[in-house]
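*Asks:* This structure is in structure tokens; I'll ask about it shortly.
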């Protein structure tokens with residue numbers, strides 16, 4: 001517990017808010033960029049750097065990327081607030097007869113849901129953990145509630161290797177790689193950049209699915225063992241409410257807002273458009289951000305049953321996107337500075353000089369884990385680190401899918417250390433960071449070893 005206290009104090013004392021970190025990283029990038037530019041007067045160099053920064057902030061392709069990531073988070077949250085999801089959560093809850101069983105159910109369910117959508121998994125895991133605690137409290141079952149709460153957060157350890165993973169999902173989009181590498185020169189240009197990398201080579205590859213399954217089983221066994229060995233905890237929870245109460249009487253045009261028939265019709269219309277537009281990439285197992293968001297939008301409207309409940313859920317979920325909305329442009333600006341100033345070449349050359357075909361994925365894994373502490377957004381991290389990873393991989397002959405997934409694994413694993421994305425879970429479960437950290441750190445070590453083993457074998 002002493003080590004976890006040190007970690008907690010470190011984050012509290014030395015790391016400001018993610019937005020402040022983004023600002024400080026921007027200032028650092030501007031300073032380093034100035035050191036890397038030598039042409040012209042000081043004023044000219046500063047003006048050129050500011051131009052690189054501004055172009056990065058308002059990069060059209062990357063702004064689309066930011067909006068796509070916002071929708072992935074919002075729509076995932078909206079889905080979990082629907083009545084059918086509420087019934088699923090309450091059904092799972094009734095099987096939590098002791099700490100071990102409850103922790104296994106929460107951990108495995110959360111990881112499977114998070115593999116589909118990280119926003120859905122984050123809120124699903126938090127609510128499921130909360131309801132497990134309420135069930136144990138109501139039936140006077142002694143449990144270790146912090147372990148159950150930590151199990152509800154473990155989905156953030158597998159999300160980037162899942163269907164909503166920022167890096168593998170974005171590279172599956174035609175033209176994104178060329179857009180990301182625009183202006184980046186190197187020997188790799190002798191080999192044409194691929195137009196896209198299908199998710200069949202990354203997320204849905206046999207080796208990634210195998211690693212996910214291994215993590216799922218191992219963490220499930222781990223929390224079962226911890227549930228047997230850890231002491232019970234005392235806690236008090238009020239009943240958590242999923243949805244606001246419906247109005248008894250509606251009149252006039254308001255009836256359209258509450259119309260189940262209209263919502264179902266529109267949802268089915270969206271599903272029809274989805275099949276028409278995406279049937280070919282679906283057959284090819286190539287999932288893109290637009291495809292995922294289209295499917296979740298249709299699903300959310302149908303599951304909520306009317307537009308009023310759907311929009312109320314959107315209102316509840318929208319606050320979680322504040323970080324993406326305001327921080328992503330700063331990350332894009334940093335990428336613009338790194339690329340335009342030539343820093344990318346120095347960093348990439350260093351990576352290449354200390355790596356080979358075998359060790360580059362390992363180096364990428366650890367560096368991504370470190371960067372995630374300061375840039376807690378997978379999408380923001382891909383914008384900054386993606387060009388470096390791609391350039392280094394191309395120059396050393398490392399398969400791009402493997403390099404991309406190495407970054408994804410490194411980014412996701414240190415979420416067990418990074419408290420930023422745990423805030424919604426802590427708010428819902430009423431737990432403190434210091435209560436779940438001992439368990440999430442164990443999850444990080446075990447999961448990290450599995451991913452490292454996978455990168456060495458495959």
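The values are calculated or read from the model by the stated rules, or taken from the named source; none is laboratory data. This is a predicted model, so every value here is computed, not measured. With ideal geometry, Cβ positions are generated from the backbone for all residues, glycine too; neighbour counts draw on all protein chains shown.
*Asks:* Would you point out which residue out of 388, 370 is surrounded by fewer than 18 Cβ atoms within 10 Å (Cβ to Cβ), closer than 30 Å to residue 30 by Cβ and in contact (Cβ under 8 Å) with a residue 12 or more places away in the chain?
*Replies:* 370
*Asks:* From the list 428, 442, which residue is out of contact with any strand residue (DSSP E or B) (no Cβ under 6 Å at 6 or more places or on another chain) and within 22 Å of residue 212 (Cβ to Cβ)?
*Replies:* Step by step, each of 428, 442 is checked, and only 442 is out of contact with any strand residue (DSSP E or B) (no Cβ under 6 Å at 6 or more places or on another chain) and within 22 Å of residue 212 (Cβ to Cβ).
*Asks:* Also, I was wondering about something else. List the number of the failed condition for residue 218; all other conditions in (1) part of a loop (DSSP other than H, G, I, E, B); (2) touching a helix residue (DSSP H, G or I) at 6+ places or on another chain (Cβ under 7 Å); (3) surrounded by fewer than 23 Cβ atoms within 10 Å (Cβ to Cβ) hold.
*Replies:* Here residue 218 meets the rest and fails (1).
*Asks:* Just give me the residues in region 296-309 being touching a helix residue (DSSP H, G or I) at 6+ places or on another chain (Cβ under 6 Å) and closer than 19 Å to residue 251 by Cα, in sequence order.
*Replies:* 305, 306, 307, 308
*Asks:* Which numbered condition trips up residue 240, out of (1) modelled with pLDDT of 90 or more; (2) under 27 Å from the mean Cα position of the chain (by Cα)?
*Replies:* (1)
*Asks:* Check off (1) surrounded by 19 or more Cβ atoms within 10 Å (Cβ to Cβ); (2) closer than 20 Å to residue 392 by Cα for residue 321 and give me the number that stays unchecked.
*Replies:* For residue 321, the exception is condition (2).
*Asks:* For a quick check of your reading of the model, give me the residue pairs whose first member lies in region 250-278 and is modelled with pLDDT of 90 or more, whose second is exposed (fewer than 13 other Cβ atoms within 10 Å of the Cβ), with beta-carbon atoms closer than 8 Å and at least 6 apart or on different chains.
*Replies:* Taking only residues 6 or more apart or on different chains, the pairs are 258/246; 258/247.
*Asks:* Restricting region 312-342 to residues that are more than 22 Å from residue 27 (Cβ to Cβ) and without any contact (Cβ under 8 Å) to a residue 24 or more places away in the chain, which is farthest from the chain's Cα centre (by Cα)?
*Replies:* Here the answer is 315.
*Asks:* From 169, 122, 147, which residue is surrounded by 24 or more Cβ atoms within 10 Å (Cβ to Cβ), within 20 Å of residue 297 (Cβ to Cβ) and either modelled with pLDDT of 95 or more or more than 11 Å from the chain's Cα centre (by Cα) (or both)?
*Replies:* 169
*Asks:* Can you tell me which condition residue 200 does not meet? The list is (1) assigned to a loop (DSSP other than H, G, I, E, B); (2) more than 20 Å from residue 83 (Cβ to Cβ); (3) touching a helix residue (DSSP H, G or I) at 6+ places or on another chain (Cβ under 9 Å); (4) in contact (Cβ under 8 Å) with a residue 24 or more places away in the chain, and all the others hold.
*Replies:* In the conditions (1) assigned to a loop (DSSP other than H, G, I, E, B); (2) more than 20 Å from residue 83 (Cβ to Cβ); (3) touching a helix residue (DSSP H, G or I) at 6+ places or on another chain (Cβ under 9 Å); (4) in contact (Cβ under 8 Å) with a residue 24 or more places away in the chain, residue 200 misses (3) alone.
*Asks:* Kindly provide the set of residues from region 205-220 that are within 22 Å of residue 103 (Cβ to Cβ) and without any contact (Cβ under 8 Å) to a residue 60 or more places away in the chain, ordered by number.
*Replies:* Across region 205-220, the qualifying residues are 213, 217.
*Asks:* Might you check whether a residue that is out of contact with any helix residue (DSSP H, G or I) (no Cβ under 8 Å at 6 or more places or on another chain) and within 30 Å of residue 256 (Cβ to Cβ) occurs anywhere in region 314-330?
*Replies:* Checking region 314-330: at least one residue is out of contact with any helix residue (DSSP H, G or I) (no Cβ under 8 Å at 6 or more places or on another chain) and within 30 Å of residue 256 (Cβ to Cβ).
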